[in-house]
Amino acid sequence: RIDMAPADIREVATRRVLAKTEEAEPLLRQRYDQAAAMLKTHTRLERTARHSEVEREDFVQFYPYLPHFVDLSIDIVSGIRLQPGAPRTFGGSNRTIIKQAYEMLVSDRTALADMPVGTLVSLDRIFDLIEGNLSSEKQMDITNIMQRWPDDPWPARTAKAIALLEYVRDLPRTEANLAALLYRQLGGDSPLPEVQRAVELLRNAQFIRQTENGWKLQTAQEKSWIAERNAHSPNPRERNDIVEDQ
């Protein structure tokens, strides 16, 4: 079993799975030139040393991924593999990422090969492909969120991005970063307003909480503690008694 360096994984993935035809490359360059400024603005990551600038030839080579999504995917896979009880069938980063790139194109859940030119990989689409390798608690959280807001995709999309970024140490889970990683249409508007709205819904429903590294899904223990805390609601007289006892 050979585990390749990230640069090698990128090379193999782009040559074996994401290679473009001669006819496609000029079209992708044209589409990039038309939307480059908007793409760079809406996908820029903040408060991190990770490179997220997208240049033309890299865009053509990695499309429908943005170049930095490959390294991000590798780090997510590595983080999942380090978790207690991670599935033994979850293979090395090289095989997993190459397989992911292929499934991103052909899986019924994503099917980007059938999407219009300009459709991009987003972090929630990666979640859809590797969901089965996450803890049952995280999977249940996403299911509950989807059931809570069946007609609004943004709470689930935002929660999926948060869930995966919890495995990445050097990328704060800010609303701006979540929006940058959920951008999925070249030339489209930033999803930041929708992400901000979704975060507020999720926070009010106690699905997520703020930490020093940004938003995170609450664990069962955290939810239980909040429920127990909220169950104690003393009236004014009881509050005075408590203060006097102190």
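So if each residue of separation counts as 0.36 nm, and I subtract the Cα-Cα distance between Q147 and E55, what length gain in nm does that give? Before the final figure, lay out the partial values.
Details: separation 92, 0.36 × 92 = 33.12 nm, distance 3.92 nm.
Contour length minus Cα-Cα distance gives 29.2 nm.
Taking the structure as given and computing Rg and Dmax of the Cα atoms in Å, which label from [x] 20.6, 80; [y] 22.1, 66; [z] 20.1, 67 fits?
[x]
For every helix of n ≥ 4 consecutive DSSP H residues, a contribution of -39,500 (n - 2.57) applies; sum these over the chain, divide by its total residues, and give [θ] at 222 nm rounded to the nearest 500 deg cm²/dmol.
-18000 deg cm²/dmol
Dipole size in debye (nearest 20) for the chain around its Cα centre, Lys and Arg Cβ +1, Asp and Glu Cβ -1?
The dipole magnitude comes to about 360 debye.
May I ask which of K99/K160; K20/K138; K99/K216; K99/K223; K20/K160 have a Cα-Cα span longer than 25 Å here?
K20/K138; K99/K216; K99/K223; K20/K160
Taking all protein chains as present, what is the carbon and sulfur share of the accessible area of region 91-182, in % to the nearest whole number, probe 1.4 Å?
48 percent
Which value, in Å² and to the nearest 10, is the accessible area of L201 when all protein chains are kept and the probe is 1.4 Å?
That residue has around 60 Å² of solvent-accessible surface.
For Y32, tell me the accessible area in Å² from a 1.4 Å probe, rounded to the nearest 10.
Its heavy atoms expose roughly 10 Å² to the probe.
Given labels modelled 7 Å from the Cα in the Cβ direction, how far is it in nm from E131 to D241?
4.9 nm
Enumerate the residues in region 176-205 having an amide nitrogen under 20 Å from the point lying 7 Å beyond the Cα of T41 toward its Cβ.
Under cut-off, by backbone N: 176-197.
The values are calculated or read from the model by the stated rules, or taken from the named source; none is laboratory data. Just so it is clear, the model here is predicted, and its values are computed rather than measured. Counting neighbours? That spans all protein chains shown, and the Cβs are built from the backbone with ideal geometry, glycine included. Accessible surface areas use protein heavy atoms only, side chains included; no ligands, DNA or RNA. Shrake-Rupley method; radii C 1.70, N 1.55, O 1.52, S 1.80 Å.
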